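> Sharing a structure below in structure tokens format, with a few things to ask.
The values are calculated or read from the model by the stated rules, or taken from the named source; none is laboratory data. Bear in mind the structure is a predicted one, so any value in this text is a computation, not a measurement. Cβ: placed from backbone, ideal geometry, glycine included. Neighbour counts: every protein chain shown.
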Amino acid sequence: MNLKDVLKKPLITEKMNSIAENFNRVGFIVDRKANKVEIKKAVKAMYGVEPIDVNTSVLPAKAKTRYTKSGFTKGKTAVKKKAIVTLAEGDTIDFFNNI
């Protein structure tokens, strides 16, 4: 798997911001087939920081129902994989520096 395809997007939520401030961790949505070693290498290559630990979890699909003109429409959200990466002391990733 190509390292560019491993990390899809960073997780930017209020909960992840507080975790980042308190525990020096960052979150990413990653490819479902990526393992912890590939995620660690991708973070090191893309952001130039030293990851200490990687925790992953698979977020299951949720059933969604929407009312439209033609009646109820049923569907599902996509299955996602989330990775929480613990960074070395003194390393940080700033996702907002280009804004």
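> I'd like to know if segment 32-51 contains one or more residues that are aliphatic (A, V, I, L, M) and in a strand (DSSP E or B).
Within segment 32-51, not a single residue is aliphatic (A, V, I, L, M) and in a strand (DSSP E or B).
> Going by the conditions given, is Gly27 modelled with pLDDT of 95 or more and within 15 Å of Asp94 (Cα to Cα)?
Against the criterion (modelled with pLDDT of 95 or more and within 15 Å of Asp94 (Cα to Cα)), Gly27 qualifies.
> Let me ask you something else. Do we have any residue at all in segment 39-57 that's loosely packed, with under 12 Cβ neighbours inside 10 Å and of a type in the set (Ser, Thr, Tyr)?
Looking through segment 39-57, at least one residue is loosely packed, with under 12 Cβ neighbours inside 10 Å and of a type in the set (Ser, Thr, Tyr).
> When segment 4-19 is examined, which residues are found to be in contact (Cβ under 8 Å) with a residue 12 or more places away in the chain and more than 18 Å from Lys80 (Cα to Cα)?
Of everything in segment 4-19, just one residue is in contact (Cβ under 8 Å) with a residue 12 or more places away in the chain and more than 18 Å from Lys80 (Cα to Cα), namely Ile19.
> Among the residues in segment 60-73, are any modelled with pLDDT of 95 or more, surrounded by 14 or more Cβ atoms within 10 Å (Cβ to Cβ) and either out of contact with any Gly (no Cβ under 9 Å at 6 or more places or on another chain) or part of a strand (DSSP E or B) (or both)?
no
> Which ones in segment 35-74 are within 21 Å of the chain's Cα centre (by Cα) and of a type in the set (Ser, Thr, Tyr)?
Those that are within 21 Å of the chain's Cα centre (by Cα) and of a type in the set (Ser, Thr, Tyr): Tyr47, Thr56, Ser57.
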